[in-house]
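> So that we are looking at the same thing, I have put the structure below in structure tokens.
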Amino acid sequence: MSFHGPEDSAKLRDALETRLERSESPVEEEALKTQMAAFDKFFGQKIDASYKIEIQFGPNRSTWKPFGGMMSIFLSGTQMHGGGDEKVYICPDDSCRGIVHPQDRFGGSVVCRKCNMTWPETKLVGELFFVLTPQHWAEVIEKWFMVLESKADIYLKYHRLDIRVHAEIEQEKQKGGEFLNKARNARGMHIYPLKNIIKDTSHGANLRERFLAFVRA
Ligand SMILES: [Zn+2]
């Protein structure tokens, strides 16, 4: 498992520090110290994602051609009896596509909080299927990230035949059996945690561009 998103914030922090070291003006030094304190306060806060957007890609992932994938949304950190995260469903009305939480179920029906319609549980959408270019995948991720009020970690899962997964398997083989076992569960999944998304974009990085880089990585 690897964590994505360049740590732009660390670079900015270093730049402030360098300016402070070189500064010969007490007024500027004071201003820089204030900036650094505000910076540390902002990034020192713990950021918890409420949701998890998970996309399982098919085997033919490309950096420019359309390829298939399946998107699901989960509530973060709510462990169910089976051990997984609790799934969130999507309103079956194409013009609504509201988020339906597990607590919105009443018997076999659910009420969508967005369109206020009652739907039979069996009509709910659990997975969205797409065949898209990386650019359009980035748009879809951005769209659902906004629907989830910018409170989601993004998980990308790669097919076992994906060239990237192959490369990882080869690397592990060369390291020997112990590493192969250790890495087996982590293989083929890459995460862009919300805290990194916030760090990257708070310094002006474009959200869709960051998602595109993540999809192409
Ligand atoms: Zn709805």
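The values are calculated or read from the model by the stated rules, or taken from the named source; none is laboratory data. Please read all numbers here as calculations on a predicted model, not as lab measurements. Every residue, glycine as well, gets a Cβ built from its backbone with ideal geometry; the counts of neighbours run over all protein chains shown.
> Closer than 21 Å to His136 by Cα and either modelled with pLDDT of 75 or more or of a type in the set (D, E, K, R) (or both) - does that describe any residue in segment 30-40?
Taking segment 30-40 first, the residues closer than 21 Å to His136 by Cα are none.
No, that holds for no residue.
> Taking segment 101-133, which residues are within 14 Å of the ligand (Cβ to nearest atom), assigned to a loop (DSSP other than H, G, I, E, B) and in contact with a helix residue (DSSP H, G or I) (Cβ under 8 Å, 6 or more places away or on another chain)?
Cys112, Arg113
> Step by step: first the residues of segment 82-100, then only those that are part of a strand (DSSP E or B) and away from the ligand (no atom under 16 Å from the Cβ), then the one that is modelled with the lowest pLDDT. Which residue is that?
At the first step, the residues of segment 82-100 found to be part of a strand (DSSP E or B) are 85-90, 99-100.
Next, from what is left, pick out any that are away from the ligand (no atom under 16 Å from the Cβ): 85-87.
Working: Asp85: 76, Glu86: 86, Lys87: 89.
Per the criteria, the residue is Asp85.
> To continue, here is another question. Among residues belonging to segment 131-161 that are of a type in the set (Ser, Thr, Tyr) and under 11 Å from the mean Cα position of the chain (by Cα), point out the one that is farthest from Gly77 (Cα to Cα).
The first filter runs over segment 131-161 and keeps only residues of a type in the set (Ser, Thr, Tyr), leaving 133, 150, 155, 158.
Filter once more, keeping what is under 11 Å from the mean Cα position of the chain (by Cα): 150, 155.
Working: Ser150: 17, Tyr155: 14 Å.
Residue satisfying both the conditions and the ranking: Ser150.
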